[in-house]
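Working notes, structure below.
Where a number appears in this text, it was derived from the coordinates with a stated rule and is not lab data. Everything numeric in this text was worked out from a predicted model, so none of it was measured. Cβ sites come from the backbone with ideal geometry, for glycine too, and all protein chains shown count toward neighbours.
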């Protein structure tokens, strides 16, 4: 295979994508683009992804320079376009064991940040405002205007995964869940299985701790997850339950 992506991630956030990033970097040697990559690059790609969402074709070679894989938002929102651009790449659909497990994780982390970003949009600086626009747009695209409703979000999550299964080339698709380990990835990529445990990173506590660091580094309070209001006791989780899922 020539230069470019060897893996295109099609999974939604909080489906083990951070652990997947670490694993793919271990297997392939290059960078795996992830939401966290945008901030490692000081947000320079936000405008390009906003343009992609409007239907423009960004300079993927520039965005993904040095990358051998890409998972998580914002890249996975454009998995179909990227799978056509990189026709030899494996398409990895990361998912949870149930919509309920996914909801508990995303509600406490990514959706919490989106709530805060939207609430603080009017007072955000240019970069944070653009990031809020990107998050809100991707969320509406995937989940609709009722994205913060539990039942709607879980139904949209299920539809997303079903669509990827239906549209991705079967001979290139790997459906992957946390706990599957190295073997499915290594088999699809034709690489040896490492003699080390599969990484498990970015639990709910780790996610929140990293957001706290971002608040301190950038004086950006809207980086912290904001709980839904009013609280829904049916879906309330303890810290131990939330931390059982990596993202």
Filtered residues of segment 182-197 (kept if surrounded by 15 or more Cβ atoms within 10 Å (Cβ to Cβ) and out of contact with any strand residue (DSSP E or B) (no Cβ under 9 Å at 6 or more places or on another chain)): 182, 186, 191
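Filter segment 169-192 down to the residues that are assigned to a loop (DSSP other than H, G, I, E, B) and more than 17 Å from the chain's Cα centre (by Cα) and list them by number.
Narrowing segment 169-192 to residues assigned to a loop (DSSP other than H, G, I, E, B): 169-172, 177-182, 190-192.
Scanning segment 169-192 gives 169, 170, 171, 172, 179, 180, 181, 182, 190, 191, 192.
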Criterion violated by residue 14 - all others in (1) under 11 Å from residue 75 (Cα atoms); (2) in contact with a helix residue (DSSP H, G or I) (Cβ under 6 Å, 6 or more places away or on another chain) satisfied: (1)
Scan of segment 155-168 for residues that are assigned to a helix (DSSP H, G or I), buried (at least 17 other Cβ atoms within 10 Å of the Cβ) and touching a helix residue (DSSP H, G or I) at 6+ places or on another chain (Cβ under 8 Å), ordered by number: 156, 157, 160, 164
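Given the residues 15, 68, 37, 31, which is the only one that is in contact with a strand residue (DSSP E or B) (Cβ under 8 Å, 6 or more places away or on another chain) and more than 23 Å from residue 173 (Cα to Cα)? Can you show your working first?
Values: 15 fails: more than 23 Å from residue 173 (Cα to Cα); 68 fails: more than 23 Å from residue 173 (Cα to Cα); 31 fails: more than 23 Å from residue 173 (Cα to Cα).
Testing whether each residue is in contact with a strand residue (DSSP E or B) (Cβ under 8 Å, 6 or more places away or on another chain) and more than 23 Å from residue 173 (Cα to Cα) leaves just 37.
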Search result, residues across segment 109-129 that are surrounded by 16 or more Cβ atoms within 10 Å (Cβ to Cβ), touching a residue at least 24 places away in the same chain (Cβ under 8 Å) and not in a loop (DSSP other than H, G, I, E, B): 110, 111, 112, 113, 114, 115, 116, 117, 128
Output for segment 130-154, where each listed residue is more than 18 Å from the chain's Cα centre (by Cα) and free of Cβ contacts under 8 Å to residues at least 24 places away in the same chain: 145, 146, 149, 151, 152
